[in-house]
Amino acid sequence: MRRPDEETRMWHVAQNYSSGELAVLEAPVPSCRPGGVLVRSSYSLISTGTEMMKVSEARMSLLSKARHRPDQVRQVLDAVAQNGAVATYRKTRQRLDSWTPLGYSLCGVVVEVGEGVHGFEVGDLVAAAGNEFALHAEVNWVPRNLCVRVPDGVLAEHAAFSTVGAIAMQALRRAEVALGETACVIGLGLVGQLLVRLLVGAGVRVVGLDTVEERCRTAEDGGAVGCAGPDPAGVARLEALLRAGAPGGADHVFLAAGGASNEPVELAARLARDRACVVDIGKTRLDLPWNAYYEKELDVRFSRSYGPGRYDDRYELDGVDYPLGYVRWTEERNIACFLALLADGALDVSALVSSSHPVTEAPQVYERLRTGAITGVGHLLSYPARDQARPDALGASGTTGPGRATRVPRARDGAVRLGVIGAGSHASAMLLPGLAAADDVDLVRVATASSLSSINAQRAFGFGSAGTDARAVIDDDDLDAVLVATRHRTHADLVCAALESGKAVYVEKPLAITHEELARVEETMARTGNDRLMVGFNRRFAPSFVDLRRRFGDVGEPVALRYLVNAGRLGASSWYLDEAEGSRFVGEGGHFIDLLSAWTGEGPVALCAQHGAGDDVSLVLRFTGGSLATLTYATGGSRRCGKESLDVLGGGRSAHLDNFVRSTVWSERGRQSRRSRTGPDKGHRAAVAAFVTAVRTGGPMPIDTASLVSTTRTTLEAAR
């Protein structure tokens, strides 16, 4: 078996959101996952609007950032109520003090085609989109629906404009412009300049407005009949030009400006005709002056990024296209249309290319843009070609072959050598800090889907190596154990592969999202003789729960338990809503069923489940010794209320656990209450420590395998 010391590296532009620092990092090349292609960048375009706004925001103080993003402040306050100040601070600090990517529009060459992708071949020149995929990096993995082949004759540096061009094109489509109409574009940055050219090509008479004289002249060179600044003389000039071609004002006004000023919105009302259409593209202030908009009955519309499909994971990640007969212009088709206009000569962006710089000079370029040392709207980063070998990659569903030799994990005299697959926000906040601080753990390797997330994990927790290849972790013979903290759909495959490689495995819940996956895990353990498995049912290790169970004692008779979970509502973009990841209860319900089993020391033998609105579930469980438990998983409660509460009654005693902070026991001797001084501790650190001890000493796993399987099967049945 192989153990590569280092995966192939590449240059990657990144920014630290906490300090504002910009850097070109040496990062691992991403793996080519199913459903997409690996693209070696030729040129990527700097968005002088969106990216410079992000760069400026990162340079703000923490207080200024909070004022700038009140939505995130509310999320932090909600998290404090449910998870405590310490855990929330750790998670927030980790997210702030990490490298984040820049870029979303590029052109490059396909170097590898992922499983299930058709229509692309190695060597194709393509335009790519997406602020998670088309990054300022030498190599990017791009989903199929965010990648378009570049027609012959189109220069790579021009094709790099395609994503921003699709933003402008979507705004044009939202306005539903017609031949011979007039339009005013407020904000002549990169999007505004492209929009001017598209409108002119569509037979629309265009005027423009911007505070920068150079941009006004560039727009006029692109076909605008006249452009001016927002001063009284400039506005009066535009009004005269509009009256000459369209009595009453512009048929359409496009807001392509950004910033905190409300002036663009007010000017739009002044320059628009009666019942005109106002389309917002940029992130600008929108305090609509009611009288002005009401009196003209203006139609205000929003243009969402590149077009239909944006922010829809089924479209962008899973490659499920919208039917052409129902959605004519998706984001992929908008990009293709922009490229076709370039190929036909109907659109020329050569005048918008202001400069081109090697990617290694990116920090200096951003600084010069910020200070105004360089002007213009179209600035490119170039990527000199260099030969690189591709590492092998493990797709989300890849496993090792059934005939492979295995070894049972052994006890070690020294530290447990651990490899980690997946280092998202939960693992980085709840699991890895404790492992990094432990004297008996050596964090050897980490692999994540994103190059930067692997670099962030290595930087924060001291991994020996970081990469994007899960197979490199699984096949490393020097590792004793693997921790799997990826998305739910990958758990069973990765667990089976790691068990077959002879390693102990700690997998975040759930162990499996279908009965078929669970059966495969059981078969793998039986076939290999390796049952060194633990699932992250951490709540049974919570100090407050362990203490409460000890104080309650054994009453010698069945008990009644009631568990209430205030799960809260999910945001519209949550990946928990993806059916391919299993239901929400499948993903989380095992935690609560396991805790009830831990209290009784027994497994459930009977189940009655009722499903309410949305994700609400109510269960009644009977355990082998006769104890009964009710579990209510509800999503309609307040986020400022604690997430979980447990009540137990039996043998003349009662117990109450409030969100792993306060615990109370009532008995003949009276009432005894205790409170955690550090807030909710749900046992994450204790759970991974127990797993490490079992691996190091060769002792039994902290939770019996039969219990892990029983809890998982019960959860799947409850969800069904």
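The values are calculated or read from the model by the stated rules, or taken from the named source; none is laboratory data. What you see is a predicted model; the values in this text were computed from it and never measured. When we count neighbours, we look across all protein chains shown, and the Cβ atoms used for this are built from the backbone with ideal geometry, even at glycine. Ligands, DNA and RNA are excluded from the accessible area calculation, which covers all protein heavy atoms including side chains. Shrake-Rupley method; radii C 1.70, N 1.55, O 1.52, S 1.80 Å.
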Practice task
Answer rounded, prolate or oblate for the range 264-373, using the Cα gyration tensor with square roots of eigenvalues a ≥ b ≥ c: rounded when a/c is under 1.5, else prolate when a/b is larger than b/c, else oblate.
Solution key: oblate
Completion exercise
Amide H neighbours of Ala228 at under 5 Å, excluding residues fewer than 5 places away on the same chain, with H built from the backbone geometry, are Gly208, Leu209, Asp210
Exercise for the section: Could you point to the label whose value was computed as P(r) over Cα pairs in 20 Å bins from 0, in percent for the structure here, given (1) 16, 47, 31, 6, 0; (2) 19, 55, 26, 1, 0; (3) 16, 43, 30, 11, 1? Expected result: (3)
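Based on the mean of other Cβ atoms within 10 Å per residue, sort peptides 168-180, 477-489 so the most packed one is first. Walk me through the intermediate numbers first.
On the way: 168-180: 19.5, 477-489: 21.4.
Going by the mean number of other Cβ atoms within 10 Å, highest first, we get 477-489, 168-180.
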Handout entry: Dipole of the chain, positive end: most advanced residue of Pro28, Pro543, Leu621 [Cβ charges, Cα centre]
Key = Pro543
Completion exercise
In vacuo Debye sum over C-alpha of the range 575-720, base-10 log of normalised intensity I(q)/I(0) at q = 0.10, 0.13, 0.17 Å⁻¹, listed in q order, is -0.43, -0.73, -1.21
Fill in the blank from the handout: SASA check, Met525, accessible area w/ 1.4 Å probe, all protein chains in place, rounded to nearest 10 Å², comes out at 20
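With a 1.4 Å probe and all protein chains left in place, how much of the accessible area of the chain comes from carbon and sulfur atoms, in whole percent?
Numbers: 14960 of 29620 Å².
Result for the chain: 51 percent of the exposed heavy-atom area is carbon or sulfur.
What is the dipole size for the range 139-229, taken about its Cα centre, with +1 at each Lys and Arg Cβ and -1 at each Asp and Glu Cβ, in debye to the nearest 20?
The dipole magnitude comes to about 360 debye.
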Practice task
With runs of 4+ DSSP H residues as the only contributors, calculate the mean residue ellipticity of the chain at 222 nm using -39,500 (n - 2.57) per run, divided by the residue total and rounded to the nearest 500.
Solution key: -10000 deg cm²/dmol
Practice task
Pull up the cross-link candidates among the aspartates and glutamates for Lys643, meaning alpha carbon to alpha carbon under 18 Å and not fewer than 8 places away within one chain.
Solution key: Asp78, Glu588, Asp594, Asp615, Asp616, Asp658, Asp681
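How large is the accessible surface per residue of the chain, computed with a 1.4 Å probe and reported in Å² as a whole number?
On the way: 29620 Å² over 720 residues.
About 41 Å² of surface per residue is accessible.
Rounded to the nearest 5, what % of DSSP beta bridges with both residues in the chain are antiparallel? Spell out each step's value before the answer.
Details: 72 of 126 bridges.
Of those bridges, close to 55 percent are antiparallel.
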Exercise for the section: Give a residue-ordered list of calculated ³J(HN,Hα) values for the range 31-40 (Karplus: 6.51 cos²θ - 1.76 cosθ + 1.60, θ = phi - 60°; whole Hz; x for Gly, Pro). Expected result: 6, 8, 7, x, x, x, 10, 9, 10, 8
Exercise for the section: For Cys496, Cys608, Cys337, give the ranking by accessible area with the largest first, probe 1.4 Å. Expected result: Cys608, Cys337, Cys496
Exercise for the section: Kindly rank 239-247, 267-275, 100-108 from highest to lowest mean number of other beta carbons found within 10 Å of each residue. Expected result: 100-108, 267-275, 239-247
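Report the convex hull volume per residue for the range 258-310, counting only C-alpha atoms, in Å³. Kindly include the intermediate steps, with their values, before the conclusion.
On the way: hull volume 4.2 nm³, N = 53.
Per-residue hull volume (Cα only) is 80 Å³.
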Practice task
Rounded to whole Å and sorted largest first, list the principal axis extents of the Cα atoms in the range 497-598.
Solution key: 42, 42, 23
Fill in the blank from the handout: In whole angstrom, the spacing between the Cα centers of the range 238-273 and the range 285-356 equals 20
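About the Cα centre, and with charges only on the beta carbon of Lys, Arg (+1) and Asp, Glu (-1), how big is the dipole of the chain? Nearest 20 debye, please.
Details: 80 positive and 85 negative charges, 484 e Å.
The dipole magnitude comes to about 2320 debye.
Arrange the residues Thr632, Thr714 by how much accessible surface each exposes, largest first, with a 1.4 angstrom probe. Spell out each step's value before the answer.
Details: Thr632 50, Thr714 20 Å².
Descending accessible area places them as Thr632, Thr714.
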Problem - Proximal aspartates and glutamates to Lys54, defined as alpha-carbon separation beneath 17 angstrom and excluding residues fewer than eight positions away on the same chain - result: Glu21, Asp71, Asp97, Glu132, Glu367
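Taking a 1.4 Å probe, which of Glu581, Glu717, Glu132 shows the most accessible area, and what order do the others take after it? If you can, show how the numbers build up before the last one.
Values: Glu581 5, Glu717 65, Glu132 130 Å².
The ordering from most to least exposed comes out as Glu132, Glu717, Glu581.
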